[in-house]
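Asks: Mind having a look at this structure? Questions to follow.
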Amino acid sequence: MHAIELAEMGGWLALESPPMATHDELLSLLAEGYCSYSKCRTQRWNTALKMFSDDLNHTEDMQHNPWPAIRIVAEEIIFSELLTRVWSAVIAQSESKKPGDDLSAIAHSVLIGHIESRNRVFQLLLQIPKWAEPTAENINRMRRVTERWTDLLLSQLPDSSVSAAFAFDEKRMREFHRDQKMMNEPERRPANNLLAVSLSADLKRVGSRFPANPDLNRKIAAGIMACYPRDPFAAGSFSQSTWSVQIDSLQTNAQMLIDQLLQSDQKKVRRGLRRFSKN
């Protein structure tokens, strides 16, 4: 799964604002799974970026060019941050209605790790030679496009005071929020569809077709999607290319329930053995 598809999912979350699952235990388990896969991906990013940095510092081969590989990792970090920020804002808004959950802290820890990886990318760009400057310009273009879209999508969420904490530019996000509040309901659906199409087109225009961690991207997406009921996924602004991720999320739910049943059965067996031994 490509990071552009993760960004499209972030667009769907913001534009559709679907109702989240109400089962607190399930939601917590899924959020923890999201955290686990996200941290695994962050570790992969940081390992790769360190390897690239060491490579640039020690190579003497003028023909050696690691920048195409660096660009792929940088692209995934930059594009997928849109989903990380939007999902963190969604969790924070959900928690503001029901204080006391630890979901916001889980999402926040993922966001902090993501931001640190992003900073590593731009530290790496300080080492770029003059002949590779077009790569740096391309990465910076991705950054500008993604930051603007992130602020625009965050402005679509109901509580702008909560979303503002996750924006790149709070002032810009609040301006977007004021603009969208002026729209009436009949205008909103076609406007959202146009935004979804424009988001995808903009990211594809500056991105590449090579994902860095498609396996973990897919697991992260499945973990998020499992927090929602099925019906909202019929919304037209949601990318059809990620429908198969919903199947993964359903399988995740099923496996979780099976594990819970097995654990329950094991406890019953142990209780029965203890009663038998006492007799």
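Just so it is clear, none of the values below were taken in a lab; they were calculated from the coordinates. Quantities reported herein were computed from a predicted structural model and do not represent experimental measurements. As a convention, Cβ positions derive from the backbone with ideal geometry for all residues, glycine included, and neighbour counts pool all protein chains shown.
Asks: Hey, rough spin-label estimate for I112 and H64, points 7 angstrom out along Cα→Cβ, what's it come to in nanometres?
Replies: 3.5 nm
Asks: Let me ask another. Per residue of region 5-12, in order, report the coupling 6.51 cos²θ - 1.76 cosθ + 1.60 (Karplus, θ = phi - 60°) as ³J(HN,Hα) in whole Hz, putting x for Gly and Pro.
Replies: 5, 5, 5, 4, 5, x, x, 4
Asks: I need V110, V162 ordered by Cβ neighbour count within 10 Å, fewest first.
Replies: The fewest-first ordering by Cβ neighbours comes to V162, V110.
Asks: Let me ask you something else. Per-residue HN-Hα couplings for region 47-57, Karplus 6.51 cos²θ - 1.76 cosθ + 1.60 at θ = phi - 60°, whole Hz, x for Gly and Pro?
Replies: 4, 5, 5, 5, 4, 5, 5, 4, 4, 5, 6
Asks: So, in nm, how far is label V197 from label E133 when the simple model puts each one 7 Å beyond its Cα toward the Cβ?
Replies: Reported label-point gap for V197 and E133 is 3.8 nm.
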